[in-house]
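Q: Below you'll find the structure I mean.
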Amino acid sequence: MLEARDLTVSYDHRIAVADLSLTLKPREITAIIGPNGAGKSTLLRALNGHVHASSGTIVLDGQPIERLSRRTISRRIAVVAQEAELRFPVTVLEFVLGGRFAWATNAGWGWESERDLQIAGAVLRETELSDLSGRLMNELSGGERQRALMARALATEASILLLDEPTANLDLSHQANLLSLVRNRCNRNETAALVVTHDINLAAQFADHLLLMKQGRAVHSGTPREVLQPEILQEVFEVRVLVDAHPVTGGPRVTPIHDPHSSV
Amino acid sequence: MPAPPRQNRVTLRKTVISCAVLAAALLFAIVFMSLIGSESLPVRASLCALASFGRSSCGLTSDQFDILFQIRLPRILLAAAVGGSLATAGAGYQALLRNPLAEPYLLGISNGAAVGTMIALVFFGAMEWTRPLLAFTGALLATLAVYRLARGRAGATPERLILAGVIVTTFLSSVIIFVTTLMDATRIRSFTFWLLGDLSGMGRGLLPVTITVAIVGALALTLNARSLNLLMLGERDAFDLGVEVGRVRVMVFVIASLLVGSSVAASGSVGYVGLVVPHLARLSLGSDNRISIPAAALGGAVFVIVADTLARTLIAPRELPVGAITALIGAPLFIYLLKRA
């Protein structure tokens, strides 16, 4: 379980995350939404120990994160960031095996074990990349690369997944596929997931819990139904929105209203 | 025609076999290049003497024995150590800067080591041990400068990297010119030759140091190769996956600077080895540093032995600086890589 307690993060005297508390629970997807510069990505990086808290604590399985070694953290928390840099030719399998780094032992002299290969094989099947395992990463399409990033995160077997705009480069069907992968992993492996996204409707569909951020603060949190209210969204995003029921799922659906005669 | 099936990953077995083949090639190069030179040596007797590690002359005259064991063999071993060091350092810088164009000579790091060596020569001429020490210090400072200048938010882009290299190189070149003017005229010619990369002269006394640094450096980077694999994909990715980025970065800084420092102190700036050899290793064996670093170390040793044999035989009895030969091969490859980057 990953928990942020009264977390404040500041850069160069600017507060990026202010006094924020959050708990990621097994089998739950939490989505963070909010305008640009709200501190969403900073929060994600703080949760992973990448940026330090100015005050407050982050607790991973009962221990403050700064007391844990990098390897220990990486076995429990996996990050799916935006696209990796690929200036060197790397095969898909090699890329995905990178997710097994934190599990390497001295006895293995830095080489992958049979178990590592089995896990890589399984996640490649799960992400439908088995046929591409020998291809070079920079020969893949954007969607395939994003799936490889997801596969690498799943290969870590971490019980917490942090995803930063995972669907930004994906078409509609790949967006849904990727989030289904996250959902399956959460249900089957007692995993908790946190997704930073700009896509409110996708968040409404997949998340159990929404956290709405503005200027570093958590302004609202709750189920999609509780958070996605027109007045709340209007206050945070400063745009008029229409919230109605999704005709298929029945969940909330958000549509911005662009009224050329209105100043709000 | 369909592309040939690519091996999906590098295995320990493939690494051991590749390194064994390259080690055999290195041994072959050491033995046979020592038979080539302006003075011809009897092949059978020379092989016999080499096989006995110099304990038996096997019928070589004492002049021939001295040519083999006092002149050619030390020079070839020095070439091997310098080549191995520079190729390993190149592979290390490439992982650290996340750019396949990183190379100690082109980044000005060799110049940093050269400045250190020259300061040692001018001010502490009698103390030979100060040369590798100051060369190391110079290389380390130049590495830090390049790293600070080249690193952007998205790692070192080719443009930034080359620009940083140009800045550091030209700055240090003017320092070198300044130090050269402090020397007396008779030494200037031999220094100019040395600056271009020269295995003929002053490095002999440093042979044990250079060989030790080459072996230890290549082993240390190879043992951290899996971390370097992840570092090549970005520092943030590596951090997320469990690499102690800060520790590995310092390790590569220090080891690569040691490798460049010791080889420049012994032989001047031999350029392009760190570009050509790791590139060929990756092209033939894949980007996995667990195979490409040891392969580059062994391949670099062979490459510089061959280049130096050309340097001392092409216009014999006169000699070319070995750096001229390596640059002749490396510069066109650099242009090719730059076009692809």
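Readers should treat all values here as calculations from the given coordinates under stated rules, not as data from a laboratory. Treat the numbers as computed from the prediction; the structure is a model and nothing was measured. Don't worry about glycine lacking a Cβ; one is built from the backbone with ideal geometry, like all the others, and counts go over all protein chains shown.
Q: Sequence-distant or interchain residues sharing an amide H contact under 5 Å with A:Leu194, placed H: which?
A: Those lying under 5 Å, H to H, from A:Leu194 are A:Thr30, A:Leu161, A:Leu162, A:Leu163.
Q: So what's the net charge close to B:Glu39: Lys and Arg +1, Asp and Glu -1, counting the other residues with Cβ under 12 Å from its Cβ? Each step should come with its number before you reach the end.
A: Working: positive: B:Arg72, B:Arg312; negative: B:Asp63, B:Asp66.
With Lys, Arg at +1 and Asp, Glu at -1, the neighbours total 0.
Q: Another one. Explain nothing, just compute: Karplus ³J(HN,Hα) = 6.51 cos²θ - 1.76 cosθ + 1.60, θ = phi - 60°, for every residue of region A:153-163 in order, whole Hz, x for Gly and Pro.
A: Here the 3J(HN,Hα) series is 5, 5, 5, 5, 6, 5, 8, 10, 10, 10, 10 Hz.
Q: By the gyration tensor of its Cα atoms, with a ≥ b ≥ c the square roots of the eigenvalues, what is the shape of the protein assembly as shown: rounded for a/c under 1.5, prolate for a/b over b/c, or oblate?
A: prolate
Q: Can you compute 3J(HN,Hα) from phi for each residue in region B:271-281, using the Karplus curve 6.51 cos²θ - 1.76 cosθ + 1.60 with θ = phi - 60°, rounded to whole Hz and x for Gly and Pro?
A: Taking θ as phi minus 60°, the curve returns x, 6, 4, x, 9, 5, 6, x, 5, 5, 4 Hz for region B:271-281.
Q: Shifting gears a bit: Please work out, to two decimal places, the log10 of the ratio I(q)/I(0) at q = 0.23 Å⁻¹ from a Debye calculation in which every Cα of region A:134-185 carries one identical scatterer.
A: Log10 I(q)/I(0), no solvent term: -0.91.
Q: Taking amide H positions as placed in the peptide plane 1.01 Å from N, state which residues far from A:Lys214 in sequence (5 or more) or on other chains have amide H under 5 Å from it.
A: Close amide H contacts, sequence-distant or interchain: A:Val219.
Q: Of B:Leu298, B:Leu231, how do they rank once you tally other Cβ atoms within 10 Å and put the fewest first?
A: Working: B:Leu298 27, B:Leu231 24.
Least to most surrounded, the residues fall as B:Leu231, B:Leu298.
Q: Starting from the Cα gyration tensor of chain B, take the square roots of the eigenvalues, sort them a ≥ b ≥ c, and report rounded, prolate or oblate (rounded when a/c is under 1.5, otherwise prolate if a/b is larger than b/c, else oblate).
A: Working: a/c = 1.89, a/b = 1.23, b/c = 1.53.
In terms of gyration-tensor shape, oblate.
Q: Across bins of 10 angstrom width beginning at 0, how are the C-alpha pair distances of region A:2-256 distributed, in whole percent?
A: P(r) over region A:2-256, rounded to whole percents: 7, 29, 34, 22, 7, 1, 0.
Q: Only helical DSSP H runs with n ≥ 4 go in: add -39500 (n - 2.57) per run for chain B, normalise by residue count and round the 222 nm mean residue ellipticity to 500 deg cm²/dmol. Write down the numbers at each step before the final one.
A: Values: 15 runs with 241 residues, N = 341.
The helix-only estimate for chain B comes to -23500 deg cm²/dmol at 222 nm.
Q: Starting with the fewest neighbours, write out A:Asp259, A:Asp19 ranked by other beta-carbon atoms found within 10 Å of each beta-carbon. Please report the intermediate quantities before stating the final value.
A: Details: A:Asp259 10, A:Asp19 14.
The order, fewest Cβ neighbours first, is A:Asp259, A:Asp19.
Q: Sort region B:74-153 into rounded, prolate or oblate with this rule: let a ≥ b ≥ c be the square roots of the eigenvalues of the Cα gyration tensor; rounded if a/c is under 1.5, and if a/c is not under 1.5, prolate when a/b is larger than b/c, oblate otherwise.
A: oblate
Q: Please compute the contact order of chain A in relative form: average sequence separation of alpha-carbon pairs under 8 Å and at least six residues apart, divided by the residue count, as a percent.
A: Working: 499 pairs, mean separation 65.4, N = 264.
In percent, rounded to a whole number, it is 25.
Q: Could you work out the helix-only [θ] at 222 nm for chain A, with each DSSP H run of four or more residues adding -39,500 (n - 2.57) and the total divided by the number of residues, to the nearest 500 deg cm²/dmol?
A: On the way: 9 runs with 85 residues, N = 264.
Value at 222 nm, helices only, nearest 500: -9500 deg cm²/dmol.
Q: Now a separate question. Over region B:90-271, what lengths in whole Å, largest first, do the semi-axes of the equivalent ellipsoid take, defined as the square roots of 5 times the eigenvalues of the alpha-carbon gyration tensor? Don't jump to the answer; show the numbers that get you there.
A: Numbers: eigenvalues 184, 66, 26 Å².
They are 30, 18, 11 Å, listed largest first.
Q: With no other cysteine's Cβ closer than 4.7 Å, which Cys residues of the protein assembly as shown count as lacking a disulfide-compatible partner?
A: A:Cys186, B:Cys19
Q: To continue, here is another question. Kindly express, to the nearest 10 degrees and within the range 0 to 90, the angle between helix A:114-126's C-alpha long axis and the longest C-alpha principal axis of chain A.
A: Once rounded, the angle reads 40 degrees.
Q: Another question about this same structure. Pop out the ³J(HN,Hα) list for region A:64-80 in order, Karplus 6.51 cos²θ - 1.76 cosθ + 1.60 with θ = phi - 60°, rounded to Hz; leave Gly and Pro as x.
A: x, 5, 6, 8, 9, 6, 4, 5, 4, 5, 5, 6, 10, 10, 10, 10, 10
Q: Among A:Tyr11, B:Tyr147, which comes first, second and so on when ranked by fewest other beta-carbon atoms within 10 Å? Show your work: numbers first, answer last.
A: On the way: A:Tyr11 11, B:Tyr147 17.
Fewest-to-most ranking of A:Tyr11, B:Tyr147: A:Tyr11, B:Tyr147.
Q: Could I ask something else about it? Given springs between every Cα pair under 10 Å in a Gaussian network model of chain A, which of A:Ala153, A:Ala46, A:Ala193 has the largest fluctuation?
A: A:Ala46
Q: Compute the signed sum of charges (Lys and Arg +1, Asp and Glu -1) over the other residues within less than 12 Å, Cβ to Cβ, of B:Ile325.
A: Values: positive: B:Arg312; negative: B:Asp198, B:Asp308, B:Glu319.
Charge balance near B:Ile325 sits at -2.
Q: Non-local amide H neighbours of A:Val17 (under 5 Å, H modeled in plane, Pro and chain starts lacking H): which ones?
A: Amide H to amide H, under 5 Å and 5 or more residues apart or across chains, A:Val17 pairs with A:Val9.
Q: Report the residue, chosen from B:Phe123, B:Phe303, B:Phe239, that carries the largest GNM mean-square fluctuation when chain B is represented by alpha-carbon nodes joined by springs under 10 Å.
A: B:Phe123
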